[in-house]
Amino acid sequence: MAVRSNLMWLTLALSLFDPTCSAGPVRQRAAVPDGFVAAPYYPSPYGGWEDSWKESFAKAQALVDKMTLAEKTNITGGSGIFMGKACVGNSGSAYRVGFPQLCLQDGALGVGNTDHNTAFPAGITTGATFDKDLIYARAVAMGKEFRGKGAHVFLGPSVGPLGRKPLGGRNWEGFGSDPVLQGIAAALTIKGVQEQGVIATIKHLIGNEQEMYRMYNPFQPGYSANIDDRTLHELYLWPFADGVHAGVGSVMTAYNAVNGSAASQNAYLINNLLKEELGFQGFVMSDWLSHLSGVASALAGLDMSMPGDTQIPLFGGSPWKFHLTEAVLNGSVPVDRLNDMATRIVAAWYQFGQDRDFPAVNFHSYVEGEKGLLYPGAVPASPIGKVNWFVDVQADHAQVARQVAQDAITLLKNDDDFLPLSTKSPLRVFGSDARVDPKGANSCGSRACNRGTLGMGWGSGVANYPYFDDPITAIKKRVEDVKLYDSDNFPLILNPKPTDDDVAIVFINSDAGENSFTVEGNHGDRDKDRLSAWHNGDKLVQKAAEKYKNVVVVVHTVGPLIVEPWIDLPAVKAVLFAHLPGQEAGESLANILFGDASPSGHLPYSITKKEDDFPDSISKLVKEIIGQPQDTYSEGIYIDYRWLNKQGIKPRYAFGHGLSYTTFNHTDAHIKIVNALSSPLPPARQPKPDVPVLSTEIPPASEAYEPAGFKKVWRYIYSWLSKSDADKAYAVGISGDKTGSKTYPYPAGYSTVQKSGVNVPAGGGQGGNQALFDTILQVDVTVQNTGSVHKGKASVQAYVQFPEDSGYDTPIIQLRDFAKTTELAPGNSETVTLKLRRKDLSVWDTKLQNWVAPGAEGDNGRSKRYVVWLGEASDKLFTRCFSDTLVCERGVEPPV
Ligand code: NOJ
């Protein structure tokens, strides 16, 4: 029986005891600095009031009404890590009434832990395309693959981390260091995946901006991400709002704490922000093994415990399941809360049509062969059976994958139009990153090694490669005179000797991932190699530049690199960032290198000249201190280009930078008002309509009894209680006499009476007050390929500059929309449209607790002029349009 080379979960479990994540002795929580508050918010708002979900909730409620107590609690929790067929998360079922076990599966770039799937380019690569059509096309293909494998829930997209810290380990799973780029890409990904009948999961809510100390363990609290209200709304919650607006079916909480309260039981985050303000209708799950409490998390709004176990897994323990059954019977968890959890889960299943013809799970995350342990966590007591059907779900998705990989490739530098290369040039290729890992592309479980072309980072956000199209193979297909020096050390002898015609292509990379693995001394975050190329890549480039006149550097990377050691060397003619291309690393790159297509990718982050161009809160990882590590976002809304612009620091390459083989010009820009911004505040929201509710009576204890004669799987997590435990709990519940019982001290003022929502003015629909999503301004601009040789695609990025005397401190410019042309032949042009919504023109006002558009009409005595800047990078802005005079002009001095 072949076991998949995926030790992710074992290592995660072991990492609970890893000295890098645990201080050893029990530690106290350190105080969260003043001003960072996670105020209690109860009760947890019901789902089902939003129009587009009403029908699914009605069906769900009818089904949940038929469930026993133990069935309801069963579907809210996983059956245990490594337990059952055989996804990374397997919820409990209620088969008696027709509700299946749900399969929850990683990763954010393709179906993880299986075969015959596509390994798509990573999120960061997808973001670098700045192409909405491609982002959506990738999601459609991924959704089809998840469905084809029988996975109900796609554990992506990831938008948290947002990419605040360049060293952060998991930034590459998301789309780039900007909330709007993340939000647009997340919404399109959710749409594409969910249209295939698969529930998407936007994650991780919120503040998981570094890997080190992210996780609570029995000896140490995870760090607290201390985020002020405005920063939270304008940066970190922003993409979640877009995801909820797109109708996302589930949300995963983060490992860490936010403002002192663990994310999986943080009532401020889940009840207040997500369910009340953003009007989220689906279900909220914990990240794996981060579910810390039974009653507190239920009251705080958590709906699903994943993978079901306590922090120390594999002992059959759980914060919920049988405990949740007990807590409902004894009155600790109100019945309506459980009903809401179960209904939200079942409603999501209906919402995406999973009640009709959904394929059965046909793969096993931990077994490669046809047969294997049905419940690996129960070894040696697990039965063996058929677990893999090897269903090929790839179809023609390689094409989409290749297009994304290709259109993401970002040309940073191209002196004297050195690229594209002629296939006649003799090529000398350096660096192990040019070819696939000789031990096999999948030889390291969870891709936790860096050997060969880097196609993805490591951790749970990966997929197996069905094959690996490596750069050297694609180059050799086109060029006869190629030599690969397959080493990261520059050879002592160059044979043949360098000539002036030779072109040296140097491949370097930088890797990162989840801190369940340490790779070459990097604990998830890039804490050892930092922002330098791995394997002495800088030296390799420098040496090549000493020996060859013409050097092209190709970089596969999880994020920004400091390129200063070599970027200005005269021999370094061109630099391509190919990001993380997934399986399609070769042809996509060769198409760019040899000019079949012009590069059209743009940087989804800034590349600074040095790490400390950012303040410590961004450039440093929170290191171990006494007590709970505190990651305080003292830079506020100023990350990436927002910070650099404010400080007047010129990066080496700015956010959005990316060259082409051709040139583009903007002509004929027009701005128009689509909807008048008639008041600074959006129209007042309406109260939520009442929703039907199921009985709130404590159900009879018999609904929790373990069925007589049932043969349990060892360590599997069930939701039943023994008859005596159930009877005891029920007696407490109905007597209301909790003396001496294990009931929960409710927070002061706790009430089960639902709020109408009007106390949260920014709410009112999915994603918030629906007026926030109204288009206010539209800019149309014609882009022309002004070159004479190469065709190419142009990216237009729209940045907003707030009115000068807005009364709020705002970043100089902020990305608000982007568009990409189709491939334009020389001389050809295309008109693209960019839209700015009310929210894009608003600031989060912490006093009003609402979005305020400072340039709105009304007697506020202030300037009403927003400037919309259009360009191909945050530092290359060609055109500006005014929202008041509706004039657009070119050739003006940009603001940064
Ligand atoms: C760990 C990760 O943080 C999350 O992103 C992933 O989806 C789950 N656990 C499941 O593997």
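The values are calculated or read from the model by the stated rules, or taken from the named source; none is laboratory data. Source: prediction; values computed, not measured. With ideal geometry, Cβ positions are generated from the backbone for all residues, glycine too; neighbour counts draw on all protein chains shown. For accessibility, only protein heavy atoms count, side chains too; no ligands or nucleic acids. Shrake-Rupley method; radii C 1.70, N 1.55, O 1.52, S 1.80 Å.
Gain on full extension, evaluated as 0.36 nm per residue between residue 690 and residue 530 minus their Cα-Cα distance, stands at 52.3 nm. Can you list the aspartates and glutamates whose alpha carbon is less than 15 Å from that of residue 144, not counting same-chain residues fewer than 8 positions off? Straight-line reach from residue 144, under 15 Å: 106, 115, 195, 357, 392, 396. Against the chain, whose longest principal axis is taken from its Cα atoms, helix 51-66 shows a tilt of about 40°.
Within the assembled protein chains, the solvent-accessible surface assigned to residue 685 is about 30 Å², based on a 1.4 Å probe. Using every pair of separate Cα atoms, the Kirkwood estimate puts the hydrodynamic radius of region 741-836 at 18.4 angstrom. Simple rule: put +1 on each Lys or Arg Cβ and -1 on each Asp or Glu Cβ in region 458-565, find the dipole, and look at 524, 462, 492; the Cα lying farthest toward the positive end is 492.
Its residue count N fixes a reference of 2.2 N^0.38 Å for region 515-636, and the Cα radius of gyration divided by that reference is 1.27. Measure up 203/413; 386/711; 547/610; 573/793; 439/539 against 32 Å on the Cα-Cα distance and list the ones that go over. Too far apart for the 32 Å limit: 203/413. Accessible surface area normalised per residue over region 521-638 is 28 Å², counting heavy atoms of protein chains with a 1.4 Å rolling probe.
In the calculated pair-distance distribution of region 652-797, the portion above 18 angstrom amounts to 80 percent of the Cα-Cα pairs. Which residues does the label zone of residue 482 cover in region 417-452, counting backbone N under 19 Å from a point 7 Å along Cα→Cβ? Residues 419-441, 452 qualify, since their backbone N sits under 19 Å from the label point.
Taken along the Cα-to-beta-carbon direction at a fixed 7 Å, the label points for residue 97 and residue 847 span 5.0 nm. Measuring between their Cα centroids, region 633-661 and region 333-365 lie 42 Å from each other.
The long axis of helix 723-735 is offset from the longest Cα principal axis of the chain by roughly 80 degrees.
Under the classification rounded if a/c is under 1.5, otherwise prolate if a/b is larger than b/c and oblate if not, where does region 507-556 fall, given a ≥ b ≥ c as square roots of the Cα gyration tensor eigenvalues? In terms of gyration-tensor shape, prolate.
Ellipsoid fit via the Cα gyration tensor, region 192-340: semi-axes of 23, 19, 15 Å, each the root of five times an eigenvalue, largest first.
Taking all protein chains together and a 1.4 Å probe, the residues 228, 805 rank 805, 228 from largest to smallest accessible area. With the highest mean first, a sort of the peptides 413-422, 788-797 on other beta-carbon atoms found within 10 angstrom per residue produces 788-797, 413-422. Starting from a Cα-only point model with no solvent, please compute log10 I(q)/I(0) by Debye for region 110-185 at q = 0.12, 0.17, 0.22 1/Å. Ignoring solvent entirely, the Cα scatterers give -0.34, -0.65, -1.00. Each Cα pair under 8 Å and six or more residues apart adds its separation to the average, and for the chain the resulting relative contact order is 17 percent. Against the empirical 2.2 N^0.38 Å (N residues), the chain has a Cα radius of gyration ratio of 0.93. Residue 492 to residue 835: FRET efficiency via 1/(1 + (r/R0)^6), r the Cβ-Cβ distance, R0 56 Å, to the nearest 0.05? FRET efficiency, residue 492 to residue 835: 0.45. Per residue, region 836-896 exposes 42 Å² of accessible surface when a 1.4 Å probe is rolled over the protein heavy atoms with every protein chain present.
Against the longest alpha carbon principal axis of the chain, how many degrees, from 0 to 90 and to the nearest 10, is the axis of helix 179-194 turned? On a 0 to 90 degree scale, this one is about 60. Taking only the C-alpha atoms of region 472-512, Rg followed by Dmax gives 12.1, 37 Å. Treating each Cα of region 330-445 as one equal point scatterer and applying the Debye formula with no solvent, the log10 of I(q)/I(0) at q = 0.15, 0.19, 0.22 Å⁻¹ comes out as -1.09, -1.26, -1.29. Inter-label distance, residue 857 to residue 381: 7.2 nm, where each label sits 7 Å from its Cα along the C-beta direction. Counting only protein heavy atoms and a 1.4 Å probe, region 358-452 has 39 square angstrom of accessible area per residue. Given their separation in residues at 0.36 nm each and the Cα-Cα distance between them, residue 786 and residue 62 gain 254.5 nm when the chain is fully extended.
Taking the protein heavy atoms of the chain in the context of the full set of protein chains, the accessible area attributed to carbon and sulfur is 52 percent at 1.4 Å. Each stretch of four or more DSSP H residues adds -39500 (n - 2.57); spread over every residue of the chain, this sum gives -5500 deg cm²/dmol at 222 nm. In plain terms, if you count all Cα to Cα distances in region 543-700 and split them into 10 Å steps from zero, the share in each step is 7, 21, 23, 20, 15, 9, 4, 1, 0 percent. Counted residue by residue at 0.36 nm each, then reduced by the alpha carbon distance between them, the extension gain from residue 443 to residue 499 reaches 16.4 nm. Separation of region 799-868 from region 548-576 is 35 Å, based on Cα centroids. Averaging the sequence gap over all C-alpha pairs within less than 8 Å and six or more residues apart, then dividing by the number of residues, gives region 675-789 a relative contact order of 40 percent.
Of all DSSP beta bridges confined to the chain, the antiparallel ones make up roughly 60%. With only the Cα atoms considered, region 34-122 has a convex hull volume of 230 Å³ per residue.
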